[in-house]
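K.L.:
One structure is given below, represented as structure tokens, and several questions about it will come after.
Derivation of every value follows stated rules applied to the coordinates shown; laboratory data play no part. No experiment lies behind these values; they were computed from the predicted model shown. Glycine gets a Cβ as well: all are built from the backbone with ideal geometry, and neighbour counts include every protein chain shown.
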Amino acid sequence: MYIVMATPECAPVAKAGGLGDFVHGLSRELASHGHQVDIILPKYDCLRYDRVQDMETYHSDLWVPFYDRAVHCDVERGEVDGLQCFFVDAHSEHGFFNRGAIYGDADDPDRFTFFSHAILSFLLAAGKRPDIIHCNEWQTGLVPVLLFERYAAMGLDRTRVCYSLHNLGHQGWTTPHVLHMNGLDAGRLMVPDRLQDPGNPGAVNLMKGGIVFSNFVTTVSPRYAWEIQHTEQGMGLQGVLRTHDRKFGGVLNGIDTNTWNPATDAFIPVPYDANHLADKGANKTALRNRLGLVDAAKPIVAVISRLDRQKGIELIRHGIDFSLEQGAQFVLLGSAQDPAVNAQFWEAKKVLQESADAHLELGYDEELSHLIYAGADMILIPSVYEPCGLTQMIAMRYGCVPIVRRVGGLADTVFDANYNDRPFEERNGYVFDELSFDGLESAMKRAIGLWWEYPDYFRQLRLNGMRMDNSWARPAQDYLSIYEHIRVR
Ligand SMILES: Nc1ncnc2c1ncn2[C@@H]1O[C@H](COP(=O)(O)OP(=O)(O)O[C@H]2O[C@H](CO)[C@@H](O)[C@H](O)[C@H]2O)[C@@H](O)[C@H]1O
């Protein structure tokens, strides 16, 4: 099968969070089964060019419609971890992809609907006729709309769209100008059963457009699929998702087990696996040395996260104090887009400046994240909502025990050590329900207490997590079944 991944992110070249991992991991698994996978993403100025091999111009005469004119683009081809990637380089006066960051500008709806349009123009012009375009997030929500409204009639009539929702907190709310910009008929599309936002009749909702016009819609865990249809986690799209229930389902994400493998990880000083768990200790020492923490007989609690409201910022901050109170050390690697949240964490960092037991690293650092997974004993994920969550799965692979709130994909992957009807070998972490300091403390206390008092039992929990299969093997089969189900034969 020929599959095109339409995406604003792909690890490790353009990654702001879990979407980058999703595209990279799923694509590699699909390609390993012999399918042709092309990834199309913007040619950002902030791409990790050092991770792209053999970049060369592939198509130099692409003209993408933009209001009543067209913008000239080049498409470069390069390889990322053996995956074929196409990078759209737009030569417009807006510098759409030259902003020093992937997201965060007021004109993001213009930037990414332009990108969506460029994907279809490129496929058409380059004679590519994929069976499936797999779109992701609101940034590519306009692809199925443009395909249905315009590009099917121009030659892409055999292409079908699978659309994945990774986070309903960002739906691409904007004004109808993006429809004019892309040559679409606002009169036809700004109606309740098409792109009109359910809560604001004057607004375009790009994610809703993606849901309505795609052949199949997925989200990244079964539990989140239920939550967004039946609770306020749908953030206004509950009704739309229920209407389209017959083409909607949850597929639990996997992780790329080559990238995230403590036995072969080039970013950690001492490799280890479940049979050599004692070697994890040397990585703990290396982590302490790197971050200036004292080397003492204490557990390390870690957070690796985008510092977004979604992730439970207040509980993360409380987790710092509570870890120290319980005699543990605390390490945070976090990046905040919101200046207020950023300032809050810089303040906390200043307060902890002299501490030999806590370190906050503010920013994005892929290499350091590997060392933290390898060196820490526990990872804290107190999310307000969590579509899937990859950090708990990565942490478990590194023998780091997750402490999570029971929401979304966290509920589907972490099973409490004490309160669970599963057999012991399937229990792998600590879970709490209530979004409160008490809720958080109840789980942290049990986890840290176990580390201090029952080290053998704690070791067993680590091993249970390390032995779980969270690879892409099964989810990739689920996606292939979906592609088979919708493709034109
Ligand atoms: N400061 C930092 N430095 C280095 N690395 C960092 C980092 N902060 C985060 N990371 C890394 O980014 C990834 C985060 O993955 P998540 O799935 O937890 O989050 P995210 O909310 O971005 O993704 C959204 O999409 C994914 C994919 O579908 C869903 O799992 C998730 O629930 C949804 O919110 C992990 O690989 C983590 O190691």
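K.L.:
Would you be so kind as to identify which of V270, H370, A6 lies farthest towards the positive end of the dipole of the chain, taking Lys and Arg as +1 and Asp and Glu as -1 on Cβ and the Cα centre as origin?
P.N.:
The residue sitting most towards the positive pole is A6.
K.L.:
With a 10 Å Cβ neighbour count serving as the proxy for reagent exposure, in which order, fewest first, do W472, W452 appear?
P.N.:
Ordered by Cβ neighbours within 10 Å, fewest first: W452, W472.
K.L.:
Tell me which residues come under 5 Å, amide H to amide H, from H59 once H is placed; ignore anything under 5 positions away on its chain.
P.N.:
V75
K.L.:
Which value results for Rg/Rh of the range 45-95 when Rg is the Cα radius of gyration and Rh the Kirkwood radius based on the inverse mean 1/r?
P.N.:
Ratio of gyration radius to Kirkwood radius: 1.05.
K.L.:
Counting only other residues whose beta carbon sits under 9 Å from that of L277, what net charge do I get with K and R as +1, D and E as -1?
P.N.:
Neighbourhood net charge equals +1.
K.L.:
Provide F22, F148 in ascending order of the number of other Cβ atoms located within 10 Å of each residue's Cβ, fewest first.
P.N.:
Lowest count first: F148, F22.
K.L.:
Helix 18-32 versus the longest principal axis of the chain: what angle, 0 to 90°, nearest 10, using Cα atoms?
P.N.:
70
K.L.:
For R194, R309, what's the fewest-to-most ordering of other Cβ within 10 Å of each Cβ?
P.N.:
In increasing order of surrounding Cβ atoms, one gets R309, R194.
K.L.:
Treating only the Cβ atoms of Lys and Arg (+1) and Asp and Glu (-1) as charged, compute the dipole magnitude of the chain about its Cα centre; round to the nearest 20 debye.
P.N.:
Once rounded to the nearest 20, the dipole reads 820 debye.
K.L.:
What pairs from K15/K128; K208/K247; K15/K43 go past 18 Å between their alpha carbons?
P.N.:
As for pairs spanning more than 18 Å Cα to Cα, those are K15/K128.
K.L.:
Let me ask something additional. Give me the one-decimal nm value for the distance between modelled label points at K350 and T175, 7 Å along each residue's Cα-to-Cβ direction.
P.N.:
A separation of 3.9 nm, rounded to one decimal place.
K.L.:
I need to check one value: relative contact order of the range 274-466, counting alpha carbon pairs closer than 8 Å and at least 6 residues apart, in percent.
P.N.:
Relative contact order here is 21 percent.
K.L.:
Find me the longest stretch of the chain that has none of the exposed GluC sites (Glu not before Pro), where exposed means in a DSSP loop (not H, G, I, E or B) with at most 14 other Cβ atoms within 10 Å.
P.N.:
94-353
K.L.:
Helix 437-453 against the longest principal axis of the chain: what's the angle in degrees, Cα atoms only, rounded to the nearest 10?
P.N.:
With both axes taken from Cα atoms, the answer is about 50 degrees.
K.L.:
Dipole of the range 131-253, Cα-centred, from +1 at each Lys and Arg C-beta and -1 at each Asp and Glu C-beta, to the nearest 20 debye?
P.N.:
Taking the Cα centre of the range 131-253 as origin, the dipole is about 200 debye.
K.L.:
Given q = 0.06, 0.09 Å⁻¹, what are the Debye log10 I(q)/I(0) values for the chain, with equal point scatterers placed on the Cα positions and solvent ignored?
P.N.:
Reported log10 I(q)/I(0), two decimals: -0.27, -0.62.
K.L.:
Suppose the chain between E325 and A152 were pulled fully straight at 0.36 nm per residue; how much longer would it get relative to their current alpha carbon spacing?
P.N.:
That pair, E325 and A152, stretches by 56.1 nm at full extension.
K.L.:
Give me, ordered by chain and number, the residues 5 or more places off I133 or on other chains with an amide H under 5 Å from its own placed amide H.
P.N.:
V4, R160, V161, C162
K.L.:
Would you mind checking which residues have amide H under 5 Å from I379's amide H? H placed 1.01 Å from N; only 5 or more apart, or other chain.
P.N.:
Under 5 Å from the amide H of I379 lie the amide H atoms of A302, V401, I403, each far enough along the sequence or on another chain.
K.L.:
In addition: Quick one: what do you get for the range 274-466 if you divide its Cα Rg by 2.2 N^0.38 Å?
P.N.:
Cα Rg divided by the expected 2.2 N^0.38 Å: 0.94.
K.L.:
List the lysines whose Cα sits under 24 Å from the Cα of K284, skipping any in the same chain fewer than 8 residues away.
P.N.:
Within reach: K298, K349, K350, K445.
K.L.:
Once you charge only the Cβ atoms, +1 for Lys and Arg and -1 for Asp and Glu, what is the size of the charge dipole of the range 274-466 about its Cα centre, to the nearest 20 debye?
P.N.:
Dipole of the range 274-466, to the nearest 20 debye: 280 debye.
K.L.:
Please give the net charge around M207, taking every other residue with its beta carbon less than 10 angstrom from that of M207, where Lys and Arg add +1 and Asp and Glu add -1.
P.N.:
Overall, the nearby charge balance is -1.
K.L.:
Under a crude label model (7 Å from the Cα following the beta-carbon direction), how far is Q477 from D185 in nanometres?
P.N.:
Result for the modelled spin labels: 4.5 nm.
K.L.:
Per residue of the range 3-10, in order, report the coupling 6.51 cos²θ - 1.76 cosθ + 1.60 (Karplus, θ = phi - 60°) as ³J(HN,Hα) in whole Hz, putting x for Gly and Pro.
P.N.:
10, 10, 9, 9, 7, x, 9, 8
K.L.:
Here's something else I'd like to know. Net charge near G250, counting Lys/Arg +1 and Asp/Glu -1 over other residues with Cβ under 11 Å of its Cβ?
P.N.:
Around G250, the surrounding residues sum to -2.
K.L.:
To continue, here is another question. In nm, give the distance between the simple-model label positions of A101 and M1, each being 7 Å from the Cα along the Cα-to-Cβ direction.
P.N.:
Going from the A101 label point to the M1 one covers 3.6 nm.
K.L.:
To the nearest Å, what is the center-to-center distance of the range 266-328 and the range 15-77, using C-alpha atoms only?
P.N.:
So the separation of the two Cα centres works out to 34 Å.
K.L.:
I'd like the distance separating the alpha-carbon centroids of the range 148-167 and the range 188-242, in whole Å.
P.N.:
Centre-to-centre distance over Cα atoms comes out at 17 Å.
K.L.:
Restricting to bridges with both residues inside the chain, how much of the DSSP beta-bridge set is antiparallel, in percent to the nearest 5?
P.N.:
If I count the DSSP bridges inside the chain, around 30 percent turn out antiparallel.
K.L.:
In addition: Go through the range 297-308 residue by residue and turn each phi into a ³J(HN,Hα) via Karplus (6.51, -1.76, 1.60, θ = phi - 60°); whole Hz please, and just put x for glycine and proline.
P.N.:
Computed from phi, the couplings for the range 297-308 are 6, 9, x, 10, 9, 10, 10, 10, 6, 5, 8, 10 Hz.
K.L.:
Where both residues lie in the range 119-213, what percent of DSSP beta bridges are antiparallel, nearest 5?
P.N.:
40
K.L.:
Once every DSSP H run of n ≥ 4 in the chain is given -39500 (n - 2.57) and the sum is divided by its residues, what mean residue ellipticity at 222 nm do you get, rounded to the nearest 500 deg cm²/dmol?
P.N.:
-10500 deg cm²/dmol
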